[in-house]
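Below you'll find the structure, written out as C-alpha cells, and then a few comments.
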C-alpha cells in the first residue's frame, strides 16, 4: 500500500507528484516507480527540476531510464537529493566470476570456474536465468560446499546434452526425419530449450573441434575422452562423428551457431525455426 508502480506512458507528471506527496500508510516512506521514463523526463524536465529542489520527505521517486546525460541540470541536482544506479550486463569474460560471486553471496557455495563456464555454455548469457540455475544447483548439492562441473552436467546438462547428441547422431547418419523429430521433441518437452539449445549444440561442436585437434596431434582416443569428458556409452559414436568431419567443417558449424545466436537475440528469427533450418543444412552438408 506504500508503492505506486507505473509505466511512464500511462501516467502524468501531476499524478506522480501527488503520489510522492501522499503520506505513506503503515510505512516510513512511499515509493513511486516510473518505468521507461526517458520521454517522461524530457517532457517534464522543469517540473522535475523544481521537485528535486524540494523533494517530499516521505516519498521516494525511482525513475528507470536508458540514458541519464550527466551535463543536464537534473543530473547535477541528483547528487544532492538522490543517487544514480547504473545497471549493465557483464561482459562475456566477466560472467564466470560474476556467477561465482553470486553463488557465494546468495548460497555460501563455491562455484568452480569450469562449472560456471559450462553453465554459461548450456544456458546462455542471460544473467537472471543463470542466477536461477545457480539457485537450483545450490539446492541440488544440498550440504556440499562446492558446485562442480559434474553437478552442472547432472542437473542442467544431462538431458540437454544427450538430446543434442541424438540429433547430431541422426544428422551424421543422414537421417533427416529422425534428427528433426528429436529436435522438435526437445522443444516440446522443455520450454527452456529455446534459451539453451544454441549453447548445447555449440558445446558439442566445440568438443568435437577439440577432439579433432587432439586426434591430429596423435593422442589416443581414450586419452582424449578423459580430457574432454566423453561419456563411455557414447564414446564410439562421438569419435565416429569427429572422424567424418574436418576442422574446417566443424568451424563452419560453430560460425553458423554464432550467427543463429545473434539472430535470435536481435529478434530476427525464432529459436526453433532457426535450429530446424540448421539441422536441415547440416544433413545436406557444409557449403
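Bear in mind that the values in this text are calculations on the coordinates, not laboratory data. What you see is a predicted model; the values in this text were computed from it and never measured. For neighbour counting, all protein chains shown are included, and Cβ atoms are generated from backbone atoms with ideal geometry for every residue, glycine included.
Structure data summary
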{"quantity": "Ranking of 42, 237, 132 by count of other Cβ atoms within 10 Å, fewest first", "calculated": "42, 132, 237"}
{"quantity": "Estimated FRET transfer efficiency (residue 195, residue 136; beta-carbon r; R0 22 Å; 0.05)", "calculated": "0.95"}
{"quantity": "Cα-only Debye scattering, the range 153-284: base-10 log of I(q)/I(0) at q = 0.11, 0.12 Å⁻¹", "calculated": "-0.37, -0.45"}
{"quantity": "In Å, descending, principal axis extents of the Cα set of the range 71-175", "calculated": "66, 40, 18"}
{"quantity": "Degrees, to the nearest 10: 247-265 long Cα axis against longest axis of the chain", "calculated": "30 degrees"}
{"quantity": "Relative frequency of Cα-Cα separations exceeding 17 Å in the range 92-147, percent", "calculated": "22 percent"}
{"quantity": "Helix-only CD estimate at 222 nm, as mean residue ellipticity for the chain, using -39500 (n - 2.57) per DSSP H run (n ≥ 4)", "calculated": "-19500 deg cm²/dmol"}
{"quantity": "Percentage, to the nearest whole number, of Cα pairs in the range 3-81 over 17 Å apart", "calculated": "43 percent"}
{"quantity": "Crossing angle, helix 193-216 versus the chain [Cα axis fit, 0-90 degrees, rounded to tens]", "calculated": "40 degrees"}
{"quantity": "Approximate shape of the range 40-114 as ellipsoid semi-axes (Cα gyration tensor, √5λ), whole Å, largest first", "calculated": "37, 15, 9"}
{"quantity": "The chain: most fluctuating residue of 197, 87, 60 per GNM, C-alpha cutoff 10 Å", "calculated": "60"}
{"quantity": "Fluctuation leader among 228, 156, 85 - the chain, Gaussian network, Cα springs under 10 angstrom", "calculated": "85"}
{"quantity": "Where only alpha carbons of the chain are counted, the Rg and the Dmax (Å)", "calculated": "25.5, 76"}
{"quantity": "The range 92-147: relative contact order in percent, alpha carbon pairs under 8 Å with at least 6 residues between", "calculated": "40 percent"}
{"quantity": "Efficiency of FRET between residue 45 and residue 5 - r from beta-carbon atoms, R0 22 angstrom, step 0.05", "calculated": "0.50"}
{"quantity": "Fully extended contour minus Cα-Cα distance, from residue 85 to residue 14, at 0.36 nm per residue", "calculated": "23.1 nm"}
{"quantity": "Taking the chain and dividing mean pair separation by its residue count, relative contact order in percent (alpha carbons under 8 Å, at least six apart)", "calculated": "12 percent"}
{"quantity": "For the range 3-81: relative contact order, % (alpha-carbon pairs under 8 angstrom, 6 or more apart)", "calculated": "34 percent"}
{"quantity": "The range 1-20 and the range 123-193: distance between their alpha carbon centers, rounded to Å", "calculated": "43 Å"}
{"quantity": "Cα-based helix-to-principal-axis angle, 95-107 vs the chain, degrees rounded to 10", "calculated": "70 degrees"}
{"quantity": "D (Stokes-Einstein, µm²/s), Kirkwood Cα radius, the range 181-247, 1.567 mPa s at 4 °C", "calculated": "98 µm²/s"}
